[in-house]
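Visitor: Questions regarding the structure given below will be posed in turn.
The values are calculated or read from the model by the stated rules, or taken from the named source; none is laboratory data. Only a predicted model underlies this, so the values are computations on that prediction, with no experimental measurement involved. So basically every Cβ, Gly included, is an ideal-geometry build from the backbone, and we count neighbours across all protein chains shown. To get the accessible areas, we keep the full protein, side chains included, count just its heavy atoms, and leave off ligands, DNA and RNA. Shrake-Rupley method; radii C 1.70, N 1.55, O 1.52, S 1.80 Å.
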Amino acid sequence: MQQQGLFTKEAFSDLLPKLQGKINFDAPLSARSWFRVGGNAETLINPANDEDLSYILNTIPLEWPIFTLGATSNLLIRDGGIAGISFQLRKGFNEITPDHDGFIVGAACLDTTVAEYAAAHGISGLEFLIGIPGSIGGAVKMNAGAHGSELSNILDWIEIITREGQLLRLSVSELGLSYRHSSLPQDAIVTKARLQGIAGDKEKITQAMNAIKKQREDSQPIRSRTGGSTFRNPDPSETQYRAWQLIDLVGGRGLMVGGAQVSEKHCNFLINTGTATAADIENLGEEVKKRVMNQFGIQLHWEIKRVGRPLEE
């Protein structure tokens with residue numbers, strides 16, 4: 001990918017002499033993506049800790065675009081890659097600390113890891129996280145949910161670092177959480193969260209998690225190159241059907257565009273059969289949306305976040 005001038009190694013050596021983490025230029029992202037597609041990040045930074053991230057955000061000009069990658073489980077990176085600065089939190093943001101009836105969890109922790117940790121400590125209420133691919137930071141941003149529960153049910157507070165580099169703690173009531181939505185400040189990066197549960201029986205918690213894992217294995221193409229649920233379910237006031245049912249009813253099951261396919265196992269999952277580009281996947285999703293609108297008059301909304309630029313012709 002062509003450098004645009006601002007985001008050169010020389011620019012960062014001048015601006016960020018105290019950087020503790022790692023920085024890479026023209027960094028490949030497809031191997032990090034669950035879809036295994038997408039272009040490069042113009043600049044990719046893995047900050048070392050809160051202090052490092054705050055310093056970076058406080059130092060770089062506010063007009064420089066930033067993006068946080070997360071675990072990339074619910075993300076489609078376009079073929080032209082991501083301009084500006086991409087952050088991905090890793091070591092330094094993946095600790096879990098017991099805290100009375102809950103845990104303080106780093107934003108880079110995987111949801112499944114948190115569920116297993118809670119089970120090992122006999123804390124109930126977090127079992128549903130075993131069925132959500134992704135990280136806690138991403139789960140906060142989209143109020144992730146599954147199996148009749150969602151993050152807002154177990155969230156106490158979060159800590160963020162704002163675009164200006166300020167560290168803030170926000171209570172769950174300040175986040176504006178609703179179905180697959182939060183009202184976080186623009187470009188804020190979640191660094192940790194406090195999750196709460198109740199004391200429970202370890203064996204029963206484990207049994208419940210195993211049941212969730214089996215149901216997911218039986219009903220979803222989890223061993224394929226996919227990005228999770230593609231579209232949000234419509235509001236019940238619009239239709240009795242869920243997103244996958246609408247897609248099935250318009251002949252979407254198994255539909256292909258290039259190397260992208262609507263899963264035969266679950267119609268609300270798009271998969272890379274091995275040769276797909278990001279454009280194939282996005283175009284397939286748009287074709288599905290068009291069919292549902294034409295037949296039912298219902299607008300499906302992407303749950304997968306699409307970022308970056310199309311490949312230049």
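Visitor: Tell me, what is the 1.4 Å probe accessible area of TYR179, in Å² to the nearest 10?
Guide: Counting only protein heavy atoms, the figure is 90 Å².
Visitor: Any idea what log10 I(q)/I(0) is at q = 0.25 Å⁻¹ for the range 225-289, Debye with uniform C-alpha scatterers and no solvent?
Guide: For the range 225-289 at q = 0.25 Å⁻¹, log10 I(q)/I(0) is -1.01.
Visitor: Counting only protein heavy atoms and a 1.4 Å probe, tell me what percentage of the range 248-313's accessible area is made up of carbon and sulfur. Show your work: numbers first, answer last.
Guide: Details: 1580 of 3290 Å².
It is 48 percent, rounded to a whole number.
Visitor: Return the lysines within reach of LYS192: Cα separation strictly under 16 angstrom, same-chain partners fewer than 8 residues apart disregarded; answer none if there are no such residues.
Guide: Excluding near neighbours in sequence, the set is LYS91, LYS141.
Visitor: At what distance in nm do the modelled label points of MET256 and ALA11 sit from each other, each positioned 7 Å from its Cα along Cα→Cβ?
Guide: Output for this residue pair reads 4.2 nm.
Visitor: 7 Å from Cα along Cα→Cβ at both GLN207 and SER237: what's the point-to-point distance in nm?
Guide: So the two model labels end up 4.1 nm from each other.
Visitor: Work out, step by step, the length gained on full extension between GLN295 and GLU264: first 0.36 nm times the residue separation, then minus their alpha carbon distance; give nm to one decimal. List each step's numbers first, then the result.
Guide: Details: separation 31, 0.36 × 31 = 11.16 nm, distance 2.07 nm.
Answer, rounded to one decimal: 9.1 nm.
Visitor: Can you list residues from other chains, or at least 5 along the same chain, whose modelled amide H is less than 5 Å from the amide H of LEU76?
Guide: Amide H neighbours of LEU76: LYS305, ARG306, VAL307.
Visitor: Turning to a different aspect of this structure: Please compute the net charge surrounding PRO65, taking Lys and Arg as +1 and Asp and Glu as -1 over other residues with Cβ under 12 Å from its Cβ. Before the final figure, lay out each step's value.
Guide: Working: positive: ARG163, ARG309; negative: GLU42, GLU63, ASP187.
Net charge around PRO65: -1.
Visitor: Report the full-extension gain for the segment GLN166 to ASN94: residue separation times 0.36 nm, less the Cα-Cα distance, to one decimal in nm.
Guide: 23.9 nm
Visitor: So what's Rg/Rh here for the range 127-193, counting alpha carbon atoms and using the Kirkwood radius for Rh?
Guide: Details: Rg = 11.6 Å, Rh = 12.0 Å.
Value, to two decimals: 0.96.
Visitor: Could you calculate the contour length gain from ALA31 to TYR179, that is, 0.36 nm times the residue separation minus the distance between their Cα atoms, to one decimal place in nm?
Guide: Numbers: separation 148, 0.36 × 148 = 53.28 nm, distance 2.99 nm.
Taking ALA31 through TYR179 to full extension adds about 50.3 nm, to one decimal.
Visitor: Sticking with this one: With every protein chain kept in place and ligands, DNA and RNA left out, what is the accessible area per residue of the range 53-182? Probe 1.4 Å, answer in Å².
Guide: Numbers: 4820 Å² over 130 residues.
On a per-residue basis, the range 53-182 sits at 37 Å².
Visitor: Rule-of-thumb check for the range 1-139: C-alpha Rg over 2.2 N^0.38 Å? Let's see the in-between values first.
Guide: Values: Rg = 16.8 Å, N = 139, 2.2 N^0.38 = 14.3 Å.
Dividing the Cα radius of gyration by 2.2 N^0.38 Å gives 1.17.
Visitor: Which of rounded, prolate or oblate describes the chain when judged by the alpha-carbon gyration tensor and an a/c cut-off of 1.5? List each step's numbers first, then the result.
Guide: On the way: a/c = 1.85, a/b = 1.09, b/c = 1.70.
Note, shape of the chain comes out oblate.
Visitor: For the range 62-104, state the semi-axes of the equivalent ellipsoid (square roots of 5 times the eigenvalues of the alpha-carbon gyration tensor), sorted largest first and rounded to whole angstrom.
Guide: Details: eigenvalues 177, 37, 14 Å².
In descending order the semi-axes read 30, 14, 8 Å.
Visitor: Would you mind telling me the share, in percent, of accessible area of the range 77-234 contributed by carbon and sulfur at probe 1.4 angstrom?
Guide: Working: 3230 of 6830 Å².
C and S fraction of accessible area: 47 percent.
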